[in-house]
Protein chains: 2
Amino acid sequence: MATMKDVASRSGVSVATVSAVIHDADWVSDSTRARVQRAIEATNYRPNHVARSLKTRRGYAIGAIVSDLTNPFFTEVVRSLSHALRQHDRSLFLCDSDHQFDLGATNLRMMQDKQVDGLIVIGDTVRPRLLAKFLEEAPEVPVIAIERAYDLDGVCCLLVDSEEGGYRATRHLIENGATRVAMINGPEEGAGSTTYGRAKRYEGYRRALNEAGLTFDAALVEQGTFRYESGKAALNRLLSLPTPPDAVFVANDMMALGALEAARNSGRNLPHDLMLVGYDDIPLASLTSPGLTTMAMPKHTLGTTAATLLHKQIETGRPTTASRHMFDATLVVRGSTRAPTP
Amino acid sequence: MATMKDVASRSGVSVATVSAVIHDADWVSDSTRARVQRAIEATNYRPNHVARSLKTRRGYAIGAIVSDLTNPFFTEVVRSLSHALRQHDRSLFLCDSDHQFDLGATNLRMMQDKQVDGLIVIGDTVRPRLLAKFLEEAPEVPVIAIERAYDLDGVCCLLVDSEEGGYRATRHLIENGATRVAMINGPEEGAGSTTYGRAKRYEGYRRALNEAGLTFDAALVEQGTFRYESGKAALNRLLSLPTPPDAVFVANDMMALGALEAARNSGRNLPHDLMLVGYDDIPLASLTSPGLTTMAMPKHTLGTTAATLLHKQIETGRPTTASRHMFDATLVVRGSTRAPTP
DNA sequence: CTGACTTACTTAAACGTTTAAGTACGATCC
DNA sequence: GGATCGTACTTAAACGTTTAAGTAAGTCAG
């Protein structure tokens, strides 16, 4: 591999001049610039990023720690991220923490060692304490958190407004004629958890009921585990009530698909006998029949916003204060709430 | 951040001695070693990986280029990879090429720039020409391909035996009493494609029929696109044949789920009226009811084998010849071929 | 014509390691 | 008691950049 030295000697200038040409310094004469450029091409020279990093203390890469790559939501975010970063000529260091908090320290250390220019933490995977330590040890590195609220100076949180999402989902059901709207909720959040508000989906549900003047019935709220089977079981319980619901808002798609299955097994005809709205818009939601109406997470927006924001902060320096950006989930209407119009 | 110099002066030795302590050189006296160790702890010293890389021309990272991170199969492989690499104290550079061949060059260049110690190419994303160029330009970097056969000296291909998988899937159906076994195949592979043999699943299907003495009926072979809808449509066509099949081997799970849907819509009772086997074992295959019997890809094995192999080759040098390792898909029996035993 | 300023460079130190080569000193051997 | 050897280090160059400081030659005002 050719180095600057080679290019320099070949074009009869010093390495400093070569460096200047590469960085488009304004003082190089046109003739010299051309000569150097030709030498660069002739030798097939490419700057050594490692040497450059050593000098500039930049890694020209950003790090991402994701709690579970298997989760399609996170996967999509990482994908958008990867694309956006390519645009900025930065590469991506990825760690899957596999939900294990104790890997957080290892992963963060790795990121520091690689001298990443920015860090993205996706999901619930790094404890605030550890992140705070990172912020302190690497004071120039901007940090962005996706779907996790931190209250740490310097980190910028990208969140999806779950309350509003829950509200919109429920309102959609009511607007389509539902009068007895149930909800299948996720598990109660642990006291220590600071994950941003999946619990809030429930609050949005309550708000929509209130607004529509529908009375809240605690019997219509079931609790699940976010998994397929639990959604199925929950809907079965709801359907065996003395007066079963005519619509259900389910806190995530996986459970909603379980509920869909249960509804079909019970002989219900969707959307006429029962309407269903999920949350997430996983790829499968469009494939069932009927398709699942659901609140789509702005995966792509989150990924690209994170990349753009990080890029800006790398240029201008990490903000000194914490900030939050709220994004909205958008309603995707499919067959589970709307009869196909032929 | 403390450097070796700090540690050296603090413990009254030269940087060379500090380096020796860090690398466990055998000549350092116990007392000096202890003194240095104490200084390391006191200063919270951590070696600068970038400087180390510059000197040793190693990046202490491996690069992975994946054709589509959204594909759950690839996601799982990457995840296992990420875990295995942590064990070896290496980090992971990831690029999602998004099926765009023209990104191959950019991605490969990025990997070279980052001085990765090894490269993993997952899926059909890098053209042989480009990879050959990489092999030439970075002659020490070992390369492993997963689910893609290259015939290039130095690259080691990890493949899943599709013929055998197709055979096992079909045999399973026959062993469970099927006499008229259909197949829903993937799209015909382009002439230029060197992807390793999804087409071979069909060959395995033929072999199993042959072996069982069942006559092959071309009307029983449908062609799909690997997508959900196409599986659904294909099964509908099969079911409307004068003598429909009593079992179907579907070339991937996505289509198999579509077929499952079609089967249920037709009022068929699985597995009694119809048996179904898919291929891949995507997470969803276990969630439908009945669950989908399928050929599970050895995702985890592929990931960890790639990591281990790479690790070894980084130590011993890249092999000079091409090689292939075959892995088997394993049958996972679920409700679509076996009635639940209560 | 002189001094100040500009242009177009060069020089050399620095970034933080690794490592080959050198060295000082004590022990061992005949 | 001098040569030889082993032990426990140190010295300094190198990896490939970036960049502050230096410089030589030309331009221009007074």
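Per the Debye calculation on segment B:113-252 with a single equal scatterer at every Cα and no solvent contribution, log₁₀ I(q)/I(0) for q = 0.13, 0.15 Å⁻¹ amounts to -0.66, -0.78. Computed from point charges on the beta carbon alone (+1 for Lys and Arg, -1 for Asp and Glu), the dipole magnitude for chain A about its Cα centre is near 880 Debye. Net charge of the neighbourhood of residue B:230, taken over other residues with C-beta under 11 Å away and scored Lys/Arg +1, Asp/Glu -1, is +1. When the charge dipole of segment B:233-342 is built from unit charges on Cβ atoms (+1 for Lys and Arg, -1 for Asp and Glu) and taken about the Cα centre, the candidate among B:258, B:244, B:279 whose Cα reaches farthest toward its positive end is B:279. Relative intensity of the protein assembly as shown on a log10 scale, I(q)/I(0) at q = 0.07, 0.09 Å⁻¹, equals -0.57, -0.89, per a Debye sum over C-alpha point scatterers of equal strength in the absence of solvent. Across chain A, the relative contact order, built from alpha-carbon pairs under 8 Å that are at least six residues apart, equals 17 percent.
Counting only the Cα atoms, segment A:1-125 fills a convex hull of 120 Å³ per residue. Along the axis of the charge dipole computed for chain B (Cβ charges of +1 for Lys and Arg, -1 for Asp and Glu, origin at the Cα centre), the listed residues B:311, B:83, B:50 are led at the positive end by B:50. Here the spin labels are modelled as points 7 Å beyond Cα on the Cα-Cβ line, and at residue A:320 and residue B:57 they lie 4.6 nm apart.
Highest GNM mean-square fluctuation, chain A, Cα pairs closer than 10 Å: which of A:234, A:39, A:306? Among A:234, A:39, A:306, the largest GNM mean-square fluctuation belongs to A:39.
Helical runs (DSSP H, four residues minimum) scored at -39500 (n - 2.57) apiece and divided by the length of the protein assembly as shown put the mean residue ellipticity at 222 nm at -13000 deg cm²/dmol. Across the protein chains, with a 1.4 Å probe defining accessible surface, the residues B:101, B:249, A:73 rank B:101, A:73, B:249 from largest area downward. Quick one: dipole size for the protein assembly as shown, taken about the Cα centre, charges +1 on Lys/Arg Cβ and -1 on Asp/Glu Cβ, in debye to the nearest 20. That gives the protein assembly as shown a dipole magnitude of about 1200 debye. Compute the label-point distances linking residue A:175 to its equivalents in the other copies; points lie 7 Å from Cα along Cα→Cβ; give nm, one decimal, shortest first. Ordered by increasing distance: 5.5 nm.
A simple spin-label model places pseudo-atoms 7 Å from Cα toward Cβ; at residue B:30 and residue B:1 they are separated by 3.5 nm. Taken about its Cα centre, segment B:24-134 carries a charge dipole of roughly 500 debye when the Cβ of each Lys and Arg holds +1 and the Cβ of each Asp and Glu holds -1.
In segment B:259-299 the Cα-Cα distances spread across 5 Å bins starting at 0 as 6, 22, 34, 20, 12, 4, 2 percent of all pairs. Only protein heavy atoms count here; under a 1.4 Å probe, residue B:43 has an accessible surface of about 40 Å².
In this structure, the pairs whose alpha-carbon distance is over 28 Å, taken from A:312/B:114; A:200/A:232; A:114/A:312; B:114/B:200; A:5/B:312, are B:114/B:200; A:5/B:312.
Quantify how much of the Cα-Cα distance distribution of segment A:4-47 extends past 17 Å, in percent. Here the long-distance tail beyond 17 Å is 13 percent of all Cα pairs in segment A:4-47.
Distance from the Cα centroid of segment B:1-76 to that of segment A:100-131 is 19 Å (rounded to whole angstrom). Under the rule a/c < 1.5 gives rounded, and otherwise a/b versus b/c splits prolate from oblate, where does segment A:198-342 land using the Cα gyration tensor? Prolate is the answer for segment A:198-342, as a/c is 1.5 or above and a/b outweighs b/c.
The order of A:299, B:312, A:200 by accessible area, most exposed first and with a 1.4 Å probe, is B:312, A:200, A:299. Only Cα pairs under 8 Å and 6+ residues apart enter the sum, and on that basis the relative contact order of segment A:267-342 stands at 46 percent.
Taking the charge dipole of the protein assembly as shown about its Cα centre, with +1 at Lys and Arg Cβ atoms and -1 at Asp and Glu Cβ atoms, the residue from B:156, A:145, B:9 reaching farthest to the positive side is B:9. For chain B, what does the alpha-carbon gyration tensor say about shape, rounded, prolate or oblate, given a ≥ b ≥ c as the root eigenvalues, a/c under 1.5 as rounded, and a/b over b/c as prolate? It is prolate, given that a/c is not under 1.5 and a/b is the larger ratio.
The label point for residue B:22 and the one for residue A:207, both projected 7 Å from the Cα toward the Cβ, are 5.3 nm apart. With both partners inside chain B, how many of the DSSP beta bridges are antiparallel, as a percent to the nearest 5? The antiparallel proportion sits near 5 percent. Membrane-span-like helices in chain B, defined purely by DSSP H runs whose alpha carbon atoms cover 24 Å or more axially and whose average Kyte-Doolittle hydropathy reaches -1.0, are B:299-316.
The values are calculated or read from the model by the stated rules, or taken from the named source; none is laboratory data. Treat the numbers as computed from the prediction; the structure is a model and nothing was measured. Counting neighbours? That spans all protein chains shown, and the Cβs are built from the backbone with ideal geometry, glycine included. For the accessible areas, the whole protein counts, side chains as well, though only heavy atoms, and no ligand, DNA or RNA atoms are used. Shrake-Rupley method; radii C 1.70, N 1.55, O 1.52, S 1.80 Å.
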